[in-house]
1. Where residues in region 35-74 are without any contact (Cβ under 8 Å) to a residue 40 or more places away in the chain and in contact with a helix residue (DSSP H, G or I) (Cβ under 8 Å, 6 or more places away or on another chain), which of them is nearest to residue 133 (Cα to Cα)?
2. On the given criteria, is residue 51 within 23 Å of the chain's Cα centre (by Cα) and surrounded by fewer than 19 Cβ atoms within 10 Å (Cβ to Cβ)?
3. Would you check if there is a residue in region 13-28 being outside any helix (DSSP H, G or I), at negative phi and either in contact with a strand residue (DSSP E or B) (Cβ under 6 Å, 6 or more places away or on another chain) or surrounded by fewer than 18 Cβ atoms within 10 Å (Cβ to Cβ) (or both)?
4. How many residues does region 336-376 contain that are farther than 18 Å from residue 296 by Cβ, outside any helix (DSSP H, G or I) and touching a residue at least 40 places away in the same chain (Cβ under 8 Å)?
5. Across region 280-300, what is the number of residues that are within 12 Å of residue 399 (Cβ to Cβ) and surrounded by fewer than 21 Cβ atoms within 10 Å (Cβ to Cβ)?
6. Restricting attention to region 248-263, and to residues there that are farther than 18 Å from residue 5 by Cα and out of contact with any helix residue (DSSP H, G or I) (no Cβ under 7 Å at 6 or more places or on another chain), which single residue is modelled with the lowest pLDDT?
7. Return the only residue of 324, 276 being more than 25 Å from residue 381 (Cα to Cα), touching a helix residue (DSSP H, G or I) at 6+ places or on another chain (Cβ under 8 Å) and surrounded by 17 or more Cβ atoms within 10 Å (Cβ to Cβ).
8. So is residue 263 buried (at least 24 other Cβ atoms within 10 Å of the Cβ) and not in a helix (DSSP H, G or I) or not?
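The values are calculated or read from the model by the stated rules, or taken from the named source; none is laboratory data. Predicted model only: the values in this text are computed from it and were never measured. Virtual Cβ from ideal backbone geometry, glycine too; neighbours counted across all protein chains shown.
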């Protein structure tokens, strides 16, 4: 009996990634993609002065003083894999980057950092980089959807698990490597995919590198595969493949890739309007909406009840003692009591509210203590991050808000103007209006760029 000729999931992915051309992508997908790029560079360059970025840059410099690739926002250069790591850590550093909510994944941190950095390395055109980016988005979203959120259920950060595979596809496409090399590289990536979520318990900064570390490992996987190193062909669906070892089943894998070139998941990637865990966004909306509608004074609140599905409860509500007394920026970003309390008191949730001065403020602490989080799977809305919030006032009045769809969904859309406002707010402290307009203009004609240099030059920090 002859061997089965059925393609493995890796081979299906490789065929799609290596063959996709910009002309194959619908115009509306390209338009949405450029808006995602605008948001991505705005978020990334707002993080360049954060401590995690400085720490990574110092570590890179200690190991290598030079290289062919730019660390965005500076004149510093490093080897390819290190630059990919750093640039991705800029994008994901404030947890403000785009999300595919159904897949619970941050697509652009690994995909865009890899495309532009590898693009610089090989001299790729804007058209080539944009086609690679869309391929990467489609792959990372489908892998995340195929997991059904089950990586998160057992303690993994799904983005870090699937990032190496998408990044490998992006890099292989731009390096013009053959299918056999990419399939082997994907197999190698399976032994490098890792991202535990213990940071949820102590608020440490490791999540900031998950997308970048995945992309960093993808570069090494490709280089080794190019030199003849091999990886398993069935890295996803094999008996000891990623799916069975991590979540116990291959359910959803093949289906996730059955509609390539027919359905474009890129259009489902949405923008974060708040720089905190996406699972908390609808609760912020509920609080702000009720305050606006009823003129609620936080001083008059007796209690706030937040009902949230089990999967999210474990992430943003536990352990309670850490969530009501957050001690780091990441604990603030992943604390439902914190974001609800600060939103009520500040009447907004911007990057400026992620600040220890609020976590230590007695009014914030008093209100956090009044926020009760309830594990309630009846409030789930599969594929979305809903919010259900009830405010009880000291005089007995009760106000309830149930938001079934977070902002950014077709049911609750975010406007282009809101994305542009976010971009300008992120960068106004670092770039002049003229510089910001230049970045926007370059992104708008991204597909006609001769190479990555013009874009990377526009990101150079020119003012203190």
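1. Ranking the qualifying residues of region 35-74, first place goes to 71.
2. Details: within 23 Å of the chain's Cα centre (by Cα): yes; surrounded by fewer than 19 Cβ atoms within 10 Å (Cβ to Cβ): yes.
In short, yes.
3. Filtering region 13-28 for residues outside any helix (DSSP H, G or I) gives 20-21, 25-26.
Subset that is at negative phi: 20-21, 25-26.
In the following step, the residues that additionally are either in contact with a strand residue (DSSP E or B) (Cβ under 6 Å, 6 or more places away or on another chain) or surrounded by fewer than 18 Cβ atoms within 10 Å (Cβ to Cβ) (or both) were identified as 21, 26.
Yes; the residues of region 13-28 include at least one that is outside any helix (DSSP H, G or I), at negative phi and either in contact with a strand residue (DSSP E or B) (Cβ under 6 Å, 6 or more places away or on another chain) or surrounded by fewer than 18 Cβ atoms within 10 Å (Cβ to Cβ) (or both).
4. Result for region 336-376: 6.
5. Taking region 280-300 as the starting set, the residues that turn out to be within 12 Å of residue 399 (Cβ to Cβ) are 286-287, 289-296, 300.
Checking which are surrounded by fewer than 21 Cβ atoms within 10 Å (Cβ to Cβ) leaves us with 289-296, 300.
Selection size over region 280-300: 9.
6. 251
7. Values: 276 fails: more than 25 Å from residue 381 (Cα to Cα).
Answer to the selection: 324.
8. Values: buried (at least 24 other Cβ atoms within 10 Å of the Cβ): no; not in a helix (DSSP H, G or I): yes.
It is false that residue 263 is buried (at least 24 other Cβ atoms within 10 Å of the Cβ) and not in a helix (DSSP H, G or I).
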